[in-house]
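Single-structure report; data block below.
Only the coordinates and a few stated rules stand behind these numbers; no lab work does. Quantities reported herein were computed from a predicted structural model and do not represent experimental measurements. Here the Cβ is made from the backbone with ideal geometry for all residues, glycine too, and neighbour counts use every protein chain on show.
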Amino acid sequence: MLARRSASLRFLVRKGSKPPANIAAEVVSGSYDDDEALGRAMAGIDVAFVVSASASPGMRAELHARAFRTAKRAGARHVVYLSLQGRSPESPYPFARDHWQSEESLRASGIPHTILRNGKYTEQLLAAELRGSDGVIHGPTQGGAIAWISRRDSARVIASVLESPPGGVVSYTGPEAVSVQHAVARLARALGAPLHFVGEPSEVARARVLAKAEARWQGDLAEGTYRAISAGEYSQLHDASRWLTGDHGVERLEDTARRGALDELWRAS
């Protein structure tokens, strides 16, 4: 999206990964824990966009702080950080606590910044912590509404903000808050797919994920996700449309399904 607006782009890409296809951009291979690569990625930039590191809870926040410090040393004019709705030091979701700590680190750095608080992605309905087998999508028995937003709409908001960062906090979500149970029923109809919801306690979700997880903290994420949903941490609506331009409004669940964005995910469920 930014590439279509003639922005000059540079990507920091994990070693062994490929940059987005069909985008003219400079590419630096490395990660947030690679000081040399991070320094090269930040050198001479105007706006740095920092997304979540791929790491365990706690380590993520440390890596984000490292990226903020490097951006400041490199002379970046502004940092845009992708945080999360529901970030809090008391959240049951470990990554939400990381996002809160990262926001605090960014403020303490003194560099001008914009914090993006993203709603939960529609695509996460079919993610590992919720997905079972044979079309089963698990969720918390106590419910809790979620203001789902598609990854495409989130990317559109991010592109708009990066083009002219306003500073402060930008919160944005989809147009409605819907429980996992009702979202699954609506997606099943839209996709014509045999998806169905099964409620389970958070501790059962933890055990289910741990049975095939590589690390214990992945079970903490699953249990924390359920508890955060039940606590309503993702339920508050923030209009994303004010950041969007063009002919397309903010997608509802059915819109995301019907344009094919979930096809591969549901077939893998």
Relative contact order [Cα under 8 Å, 6+ residues apart], the chain, whole percent | 18
The set of residues whose placed amide H lies less than 5 Å from the amide H of T114, leaving out same-chain residues fewer than 5 positions away, is V79, V80, Y81
GluC sites (Glu not before Pro), loop per DSSP, at most 13 other Cβ atoms within 10 Å - longest free stretch of the chain = 91-213
At Q142 and D239, where each label point lies 7 Å from the Cα along Cα→Cβ, what is the point-to-point distance in nanometres?
-> 3.3
Report the full-extension gain for the segment A127 to R14: residue separation times 0.36 nm, less the Cα-Cα distance, to one decimal in nm.
-> 38.5 nm
Could you give me the ³J(HN,Hα) list for the stretch 10-15, computed from phi with Karplus coefficients 6.51, -1.76, 1.60 and θ = phi - 60°, whole Hz, x at Gly and Pro?
-> 9, 10, 9, 10, 4, 4
For the chain, which longest stretch is free of loop sites, where a loop site is one of the trypsin sites (Lys or Arg not before Pro) that DSSP puts outside H, G, I, E and B and that has at most 14 other Cβ atoms within 10 Å?
-> 78-211
Between E200 and residues 5 or more places away or on another chain, the pairs with built amide H atoms under 5 Å apart involve G139, T141
For the stretch 90-100, Karplus couplings with θ = phi - 60° (6.51, -1.76, 1.60), whole Hz, Gly/Pro x = 9, 4, x, 8, x, 5, 5, 5, 4, 5, 4
Estimated vicinal HN-Hα couplings, Hz - the stretch 227-243 in sequence order (Karplus 6.51, -1.76, 1.60; Gly, Pro = x) | 5, 5, 4, 4, 7, x, 5, 10, 9, 6, 8, 9, 5, 7, 5, 5, 9
Distance from the stretch 44-78 to the stretch 81-122 (C-alpha centre basis), Å = 13
Cβ-derived FRET efficiency at R0 30 Å, S56 paired with D35, nearest 0.05 = 0.90
The stretch 67-164: radius of gyration and largest Cα-Cα distance (Dmax), Å = 16.3, 52
When all alpha-carbon pairs of the chain are counted, what percent fall beyond 33 Å?
-> 22
Once label points are set 7 Å from the Cα along Cα→Cβ at both A25 and A261, what is their separation, rounded to one decimal in nm?
-> 1.8
State, to one decimal in nm, how far the label point of D46 lies from the label point of R151, with both points 7 Å from Cα in the Cβ direction.
-> 2.8
